[in-house]
Amino acid sequence: MIFITLPCDINHKNRKLAISKNLPDMTKQNSIIVALIISSTFFNNPLTFVANCNTNNGVDDKIKVNLELVADHITGPTVLANAGDGSNRLFICEQPGTIKIIKDNKLLAEPFLDIKSRVMSINPFYDERGLLGLAFHPNYKNNGRFFIYYSIPSVEGDGYNHKNILCEYKVSSSNPDKALMDETILMTINEPEMNHDGGQLCFGSDGYLYIGVGDGGGAGDRHGTIGNGQNLNVFQGKILRIDVDKEKPYSIPPDNPFIGKDAKAEIWCYGMRNPWKFSFDKQSGKIFCGDVGQDKYEEVDIIEKGKNYGWRIMEGLHCYNPSTNCNQDGLTLPISEYSHDVGNCIIGGYVYNGKKIPELKGKYIFGDWSGKLFYLSSDNIGLWLRYPLFVNTIGSENIGININSLGEDENGEIYVLTQKTTGPKSTSGAIYRITK
Ligand SMILES: [Ca+2]
C-alpha cells in the first residue's frame, strides 16, 4: 500500500489551492499525486490518502445549520438512541443511571429505566464511568429486547477500579414507555482505571451487536507490556462483535476475524484508544468511529474487520510509542485527524441520512467535547476533508458548551447532547436537533 498524508486544502473542487509554508508548490504536489494515482493503478497497488486537517479550510463549502432545543434539565446525557419501532421516541441515557424518553418533543417525567442503584457511585465533578451505552435489538418492535453498558464497583481487593458490564433488559409488555428491571449480564470487563470506558453499542445490518471498549485508562495505554490496544487477549482497546440471538448469553459470529487464533474471538478490530462513539452509515454500511486521542491528535476511522487501528503505536497519523520511527506495517490509519489546537476530545457522530438538510447527505457529522461541530466530506479522489458545521444562531461552529455525545432518530436526523457545566451529575444537559 502506498500511503500519503495531505493537507486539507489540496485538490478539492471549487477551492483555490492554498499556498502555505508547508507546501510552497502545490502544483508540483498535485503532479505527484496524479503520478501516484496512475502508478498505483498501473501496479494494482492501493493508494491511501489521509486529510491532515489542523485548520478549517472549508470556507467555500460552508454548510449552515441551526440547533433546535428538544429537551433540557437532563443529567449528564451520554446516549441518544431510537428503538427503531416506528414510534420515533428518543431514549436518553443519563450517566448516573436513568434512561428517559422524549416523546412527541416532550421529555417524559417517568424514566423508561432507573438503575441508579445498580450503577456505581460516580464523582459529581468529573467521571467517565456510569451508564454509557444503549442499543435496541433490530427486532425490538416484536421482542422488546434492548442492551445497555454500565459501570459497577469492582470486588474489594481484586486490584481493579471497577467493572463495565453489558446487560440485556426488556420492555414491559403492558407499557411501551417502561422497562422491566430484570437483568441478564452478557459480559463483564474488569477495568484497571476510571477512564476510557468506551460503551458504545450498535447493531449492524448483519444483526450482530458491536461494542466499543476503551483501552483500560490512565494515559498512554500503560497496562501490559504492549498496552491493551495491541493485546488481542483482552477486550480493552477494541471494538467487539457478538451474536445475541442464537445462544445465551451470546455467541461468536462465525466470520469473526480472530476465531481459532491466540486472541479473544469477540474482537472485530483492535488498536483503539477510546472508541467512545461509532456508528453505521445506513447507506454504505460503513462504520465511522471517533477514536479519542491522547495529548495531541483526535481521529476518525472507518472500521473494518480484523484491522489494527494503531494505538498505542500511533496517535492519529503520528508515532506515539515509540515516539519516532514506529513500525506502521499492518496499521490502518485514520481518514481524518485534527490536533489539540482545534479541539481536545473527539465525539464521534453519524453519517447524515436524514431529509431535512439535503446538503449534509452522506457527510459525517461529529463534534469535539470543547463545543465544536464538524463534518467530513468525501471528495472525488476519496479524501475525507473536515469542515466546520456552522450554526447560524450562534455564528460559529463552536456552540460554547460541552458536547458529550451525538444521536440519531428513526428518520436519520441528528441530535447533539450537550452540557453547560461539567460533571455527570450536573442537570445542565440539553438535547438539540440539528435543523436547517
Ligand atoms: Ca488510530
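A short reminder: the numbers here are calculations on the coordinates, not readings from a lab. Treat the numbers as computed from the prediction; the structure is a model and nothing was measured. Here the Cβ positions follow ideal geometry from the backbone for every residue, glycine too, while neighbour counts run over all protein chains shown.
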Legend entry - Between helix 26-42 and the chain: long-axis angle, C-alpha atoms, 0 to 90°, nearest 10: 70
Legend entry - Spherically averaged projected area in nm², based on the convex hull that wraps the Cα atoms of the stretch 176-277: 7.9
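How would you classify the stretch 349-407 from its alpha-carbon gyration tensor, with a ≥ b ≥ c the square roots of the eigenvalues: rounded for a/c under 1.5, else prolate if a/b is greater than b/c, otherwise oblate?
Working: a/c = 1.74, a/b = 1.58, b/c = 1.11.
In terms of gyration-tensor shape, prolate.
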Legend entry - Extension gain from ASP379 to ASP72, taking 0.36 nm per residue of separation minus the Cα-Cα distance: 106.8 nm
Legend entry - Dmax and Rg, reported as Rg then Dmax, of the chain (C-alpha, Å): 21.3, 68
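Subtracting the Cα-Cα distance from 0.36 nm times the residue separation, let me have the gained length for LEU107 to LYS305 in nm, one decimal. Numbers along the way, then the final one.
Numbers: separation 198, 0.36 × 198 = 71.28 nm, distance 3.83 nm.
The LEU107-LYS305 span can extend by a further 67.4 nm.
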Inset, instruction - Using only C-alpha atoms and all pairs of different ones, pull out the Kirkwood radius for the stretch 80-122 in Å with one decimal. - result: 10.9
Inset, instruction - Mind jotting down the distance between the C-alpha centroids of the stretch 239-254 and the stretch 358-436, whole Å? - result: 32
Legend entry - In the stretch 152-214, chymotrypsin sites (Phe, Trp or Tyr not before Pro) in a DSSP loop with at most 16 other beta-carbon atoms within 10 Å: TYR160
Inset, instruction - Take LYS436, project a point 7 Å from its Cα along the Cβ direction, then tell me which residues of the stretch 347-369 have their backbone nitrogen under 11 Å from it. - result: 355-360
Inset, instruction - Please give every one of the aspartates and glutamates within straight-line cross-link reach of LYS178, meaning a C-alpha to C-alpha distance under 12 Å, and leave out same-chain neighbours fewer than 8 residues apart. - result: GLU110, ASP114
Legend entry - Label-zone membership for the stretch 103-133, site MET181, 7 angstrom Cα→C-beta point, backbone N under 13 Å: 113-119
Legend entry - C-alpha center-to-center spacing [the stretch 92-151, the stretch 301-349] in angstrom: 30
Legend entry - Rg followed by Dmax, in Å, when the stretch 178-220 is reduced to its Cα trace: 13.6, 41
Inset, instruction - When you have a sec, figure out the Kirkwood radius of the stretch 294-436 from all distinct Cα pair distances and drop it here in Å to one decimal? - result: 16.4
Legend entry - Those aspartates and glutamates that a straight Cα-Cα span of less than 20 Å connects to LYS356, excepting residues fewer than 8 apart in one chain: ASP61, GLU68, ASP104, ASP281, GLU397, GLU408, ASP409, GLU410, GLU413
